[in-house]
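The numbers here are math on the coordinates, done by the rules we state, and not lab data. These numbers come from a predicted model, not from an experiment. With ideal geometry, Cβ positions are generated from the backbone for all residues, glycine too; neighbour counts draw on all protein chains shown.
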Amino acid sequence: MLKQKYGRDPEQMFAPVHQAAQISGIPLDLRKQPMIYNTVEAHALLQVAHERNLQVQLTDALFRAYFLEARNISQREVLTEVAAVEGLTSVEIESAWGRAPQVRREARDASKRGIRGVPFFVFQGELAVSGAQPVEALRSALRQASVV
């Protein structure tokens with residue numbers, strides 16, 4: 001699917017990501033996770049986690065589950081387990097499922113604005129940076145947008 005979508009061998013696309021991960025001490029091998037799953041409910045959980053100041057921890061846990069453990073993060077059982085380990089209550093987790101329609105609307109709105117992938121950064125509502133970028137590229141964008 002990736003070759004069809006981007007017109008390149010996925011191994012070529014993975015190489016710089018693997019290199020950056022290795023430098024950071026992350027044992028990433030994107031070949032371990034052959035599937036792309038719907039992440040709407042994972043994003044809904046992240047909204048709930050944000051309200052509890054647990055968003056960073058849950059994001060890290062979801063990344064580990066998907067990229068390092070090759071788990072299906074579209075399954076509620078997997079999401080529930082990961083979120084509970086990170087401190088969300090069963091009530092909070094259940095409330096996330098009701099947020100899925102709003103997350104879908106937000107994704108459609110982003111797509112209409114030309115956002116086709118992640119990460120995607122918008123600084124000061126004007127300057128957009130798409131894709132994984134080196135730290136210096138993001139610093140430059142922040143300076144350009146007068147955020148720092």
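Distance from a point 7 Å along Cα→Cβ of H50 to each backbone N in segment 81-123: keep the residues under 11 Å and list them by number.
Output list for this probe position: 103.
Place the peptides 62-69, 45-52, 11-18 in order of packing, highest mean first, counting for every residue the other Cβ atoms within 10 Å and averaging per peptide.
45-52, 62-69, 11-18
With an 8 Å cut-off on Cα pairs and a minimum separation of 6 or more residues, tell me the relative contact order of segment 2-113 in percent.
Taking the mean separation of contacting Cα pairs over the length of segment 2-113, I get 26 percent.
With each pseudo-label sitting 7 Å past Cα toward Cβ, what's the E69-L138 distance in nm, one decimal?
2.4 nm
Roughly how many whole Å is it from the C-alpha centroid of segment 10-24 to that of segment 28-53?
Here the answer is 20 Å between Cα centres.
Let me check I've understood the local charge: for E86, count other residues with C-beta under 14 angstrom from its C-beta, Lys and Arg +1, Asp and Glu -1. What total comes out?
-2
Between segment 117-140 and segment 87-114, what is the separation of their alpha carbon centroids in Å?
23 Å
Mind jotting down a quarter of the surface of the convex hull over the alpha carbons of the chain, in square nanometres, one decimal?
Projected over every direction and averaged, the Cα hull of the chain covers 10.0 nm².
Measuring from label point to label point, each 7 Å out along Cα→Cβ, what is the R104 to I36 span in nm?
1.9 nm
Using 0.36 nm times the number of residues separating D29 and K3, minus their current alpha carbon distance, what extension gain do you get?
Length gained between D29 and K3: 7.6 nm.
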